[in-house]
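Here is the structure we will look at.
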């Protein structure tokens, strides 16, 4: 088995892929079937090409990708689940330290997360939020609080469908796609970003490819149903006794979810979009659609 090959789509400057793993039979075709790597290399190629446009930061001395080294591959059955790579970028002659950009990157693909807000019909100013409590060993925690979330896997184009699946699996609640509001998409409509990136938050963009679209599900329910839900979900465990569902007051969310980046981001986006009236406009649209049905 060859220890390296060249990516065929990088026509101007050949990009060599080196294999630092001995137990994986990997070629270009198999590598590009891994959605996280394929998405990463496509987006990087497009944004490196954008550097050449007049007025861009590196228009006169653009970065170029010269090599990718694959250090570790984790399989889910026969498919690649996670991958650790090292990307080697250069500009100019590539000799000086400031002309070299070498980074180790953990590729896992996208996720989706949902801020779930419940309002009693008799008092819309009162709000409750559904959180999950589960082990997160990257944070050395066995009881980590966060909003419901899950990996997109092959569902990158069906973000709302994956969100609905995660909500049902983690909370047993049934949600329709037309009830979900994409917070990150709404916030980024006025963005002046010059690069083509996902309409999502990036958790640790220096060394992690994970992107997370943040969605909102806000529902008005009878108070008795919310109170019943609080008692039913408060200690319920699902998915092999690993997830506990919590229902907490919205006003404490910024404090209870302070350790989780996606929870704080969802709260911040919701607060910002709410202040500008965007959330209420979206909720009115959803109500009108449901009324017409």
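A single member of 74, 84 is without any contact (Cβ under 8 Å) to a residue 12 or more places away in the chain, assigned to a strand (DSSP E or B) and either outside the structural domain of residue 42 (by TED's automatic domain parsing) or within 23 Å of the chain's Cα centre (by Cα) (or both), and it is 74. Within the range 201-224, if we keep just the residues that are free of Cβ contacts under 8 Å to residues at least 40 places away in the same chain and assigned to a loop (DSSP other than H, G, I, E, B), the residue that is nearest to residue 146 (Cα to Cα) turns out to be 204. When residue 10 is tested against (1) more than 20 Å from residue 104 (Cα to Cα); (2) touching a residue at least 12 places away in the same chain (Cβ under 8 Å); (3) out of contact with any helix residue (DSSP H, G or I) (no Cβ under 7 Å at 6 or more places or on another chain), exactly one condition is not met: (3).
For residue 135, are the conditions met, namely being farther than 26 Å from residue 85 by Cα, surrounded by fewer than 20 Cβ atoms within 10 Å (Cβ to Cβ) and touching a strand residue (DSSP E or B) at 6+ places or on another chain (Cβ under 6 Å)?
Spelling it out, residue 135 is indeed farther than 26 Å from residue 85 by Cα, surrounded by fewer than 20 Cβ atoms within 10 Å (Cβ to Cβ) and touching a strand residue (DSSP E or B) at 6+ places or on another chain (Cβ under 6 Å).
Only one of the listed residues (174, 198, 190, 165) is surrounded by fewer than 19 Cβ atoms within 10 Å (Cβ to Cβ), within 16 Å of the chain's Cα centre (by Cα) and part of a loop (DSSP other than H, G, I, E, B). That residue is 198. Across the range 112-132, the qualifying residues are those that are surrounded by fewer than 20 Cβ atoms within 10 Å (Cβ to Cβ) and in a strand (DSSP E or B), and the one among them that is farthest from the chain's Cα centre (by Cα) is 120.
Inside the range 6-37, can you point out the residues that are under 26 Å from residue 212 (Cβ atoms) and either touching a strand residue (DSSP E or B) at 6+ places or on another chain (Cβ under 6 Å) or modelled with pLDDT of 95 or more (or both)?
Listed by number, the residues that qualify are 34, 36, 37.
The values are calculated or read from the model by the stated rules, or taken from the named source; none is laboratory data. Bear in mind the structure is a predicted one, so any value in this text is a computation, not a measurement. All Cβ positions, even for glycine, are placed from backbone atoms using ideal geometry, and neighbour counts span all protein chains on display.
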